[in-house]
Amino acid sequence: MGWNITQDSQLGIIILAAGLGKRMRSAQAKVLHRVAGKPLVSHIIHAVQRLHPERLVVVVGHQADAVRQACDGADVRFAVQPQQRGTGDAVLAAQPAFADWQGQVLIVCGDTPLLTTATLAGFVHDHRTTRATVSVLTARVPDPADYGRVVRTPDGRLSRIVEARDASAQERRITEINSGIYCVQAAFLFPALRALRPDNAQAEYYLTDIVAQAVEAGLSARAVVTQDAGELGGVNSREDLAAMEHTRQDQLRKKWMARGVTLEDPQTVYFDEDVTIDQDTVIGPNTQLKGRTRIGARCRIDGSAYIENCQIGDDVHVLFSVVLSDSQLADRSSAGPFCHLRGQAVLAPEAEVGNFVEVKKSVIGQHTKAKHLAYIGDAEIGRDANIGAGTITCNYDGFRKHRTRIGDRVQVGSDTTLVAPITIHDDVYIATATTVRRDVPAGALVFNPRQQHTREGWTAAKRARETDKQAEKKDPDG
Ligand code: UD1
Ligand code: CA
């Protein structure tokens, strides 16, 4: 999608992602914490990339390698801020990447996951059309909390930004907040940053101070008020993170409903950012759709499902209460209730896996059924086979995993153990309660000869003996 930005000068973007995020109380850098399954920093990268900047620089510092990895695949350059000395110092760290730069620089923080491309595009457009030196995106909010306050002159012009902890009581009552998003002429930006002084409560170099510098120099500094304050929310604490997650989940629920997916109880369905679902799929309550899960059309997910990185075809029925991960369910297959597919389990079309069945790294062939109580690991099963209740593939000998191959139309009787490596060819019948240790040729019956012993009248005799013993205990002298 392209955004119509006046192309009078180049656009560079700096994302600040070097901070530790003390208030998160975490061993992990703040921008690595996730909303809708994606690190905060990748949310903002996604939003700014669609502005098609000529240059995109992410400033890293704290846990730099991990943050770089979280930006994996994105066309970005990195700048390193060795010590986290404040937001102004962070932007200065990106200067080498802008040595030859003439245009405008959009600065955003790595911790604002809800920001949209549309809002940023409007802001950049405003900055360019008004030919401002510095523009800052602001919002009026009922509870300005810890955000920087936007101080204006009596006639309403931008004067400076003051951090909450440096603000006077009167300034703290200001309800217009700094979003931490700026658009600045590069020619002004970097010299202004070098003039910053850390004379504030945190002894940090505040990026916000460039506003007062521009005003004092008689340059044009503008505060652009956005109506959609919700988008500007930054994550500073776990509570903020939960609030962003909540908002993003609501947005994703609306998005999928708008695209023709029924959510029976929307508030209890959770989406990761990269999940996709086709039309007329119905999703029941308590469903979590994670990672790169794709769900086709006209599927039914009954509910209480945890589905991660799965490819689900069309007309698939996922019955109540399942865990499905890294697996494929082809068209018209079904899984559940109470089953676990993992590690590249594949259900071919019309395959059915049911109650208390675990499938790992196995292919269940077309129209094959394993409907009750089974463990199928490292197996390939052909089509139209039936796997009886209590079937176990013994795939692990304590050292290595071994494969089980089962052909087409094989009937595996209940309580069968298949000791891998083993091949059961087509059209085999395995009798109930068989331990299969050697390959079975096509069309054979296989069973373990076990004699059945029947002792008539045994139960009554046993009960009589036990009753006598109890009577002796109670009355030893008889
Ligand atoms: C900042 C603003 C505040 C604004 C708020 C909006 C300053 C001084 N304050 O405060 O006015 O209302 O954002 O969300 O700018 N970072 C670095 N290196 C550093 C420090 C921070 O890269 O040395 C990065 C952080 O990783 C983060 C971003 O800059 O992504 C903002 O830092 P943060 O500490 O969250 O600033 P706030 O206190 O929220
Ligand atoms: Ca912040």
Take the residues of region 135-153 that are surrounded by fewer than 24 Cβ atoms within 10 Å (Cβ to Cβ) and among the β-branched types (Val, Ile, Thr): which is nearest to the chain's Cα centre (by Cα)?
VAL141
Have a look at GLY365, GLY388, GLY336 and point out the one that is open to solvent by less than 40 Å² (accessible area, probe 1.4 Å), on the phi > 0 side of the Ramachandran plot and within 38 Å of the chain's Cα centre (by Cα).
GLY336
Out of all the residues in region 369-379, is one or more assigned to a loop (DSSP other than H, G, I, E, B) and aliphatic (A, V, I, L, M)?
no
Identify all residues within region 30-45 that are more than 15 Å from ARG292 (Cβ to Cβ), open to solvent by 10 Å² or more (accessible area, probe 1.4 Å) and away from ligand 2 (no atom under 16 Å from the Cβ); write none if there are none.
none
Does ILE161 meet the test of being within 16 Å of ligand 2 (Cβ to nearest atom) and over 19 Å from ALA90 (Cβ atoms)?
no
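Whether any residue in region 72-94 is aromatic (Phe, Trp, Tyr), under 26 Å from the mean Cα position of the chain (by Cα) and not assigned by TED's automatic domain parsing to the domain that holds VAL275 is what I want to check.
Yes, region 72-94 contains at least one residue that is aromatic (Phe, Trp, Tyr), under 26 Å from the mean Cα position of the chain (by Cα) and not assigned by TED's automatic domain parsing to the domain that holds VAL275.
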Pairs returned, first residue in region 223-250 that is basic (Lys, Arg), second residue that is open to solvent by 30 Å² or more (accessible area, probe 1.4 Å) and within 16 Å of ligand 2 (Cβ to nearest atom), beta-carbon separation under 9 angstrom, 6 or more apart or interchain, are ARG238/ARG23; ARG238/ARG25; ARG238/SER26
Out of all the residues in region 83-123, which are of a type in the set (Val, Ile, Thr), away from ligand 2 (no atom under 16 Å from the Cβ) and outside any helix (DSSP H, G or I)?
VAL105, THR116
Please go through (1) within 16 Å of ligand 2 (Cβ to nearest atom); (2) of a type outside the set (Lys, Arg); (3) surrounded by fewer than 18 Cβ atoms within 10 Å (Cβ to Cβ) for GLY180 and return the number of the only condition it doesn't satisfy.
(3)
List pairs: first in region 99-117 and on the phi > 0 side of the Ramachandran plot and open to solvent by 20 Å² or more (accessible area, probe 1.4 Å), second within 16 Å of ligand 2 (Cβ to nearest atom) and among the hydroxyl-bearing types (Ser, Thr, Tyr), Cβ under 6 Å, 6+ apart or cross-chain?
none
Could you give me the residue pairs with C-beta distances under 7 Å whose first residue belongs to region 411-432 and is on the phi > 0 side of the Ramachandran plot, whose second residue is surrounded by fewer than 17 Cβ atoms within 10 Å (Cβ to Cβ) and of a type in the set (Lys, Arg) wherever it lies, and which are 6+ apart or on separate chains?
none
Any residue that is part of a loop (DSSP other than H, G, I, E, B) and touching a residue at least 24 places away in the same chain (Cβ under 8 Å) - is there at least one of those in region 467-477?
no
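The values are calculated or read from the model by the stated rules, or taken from the named source; none is laboratory data. These numbers come from a predicted model, not from an experiment. Note that each Cβ is placed from the backbone with ideal geometry, even for glycine, and that neighbours are counted across all protein chains shown. Heavy atoms of the whole protein, side chains included, go into the accessibility calculation; ligands, DNA and RNA do not. Shrake-Rupley method; radii C 1.70, N 1.55, O 1.52, S 1.80 Å.
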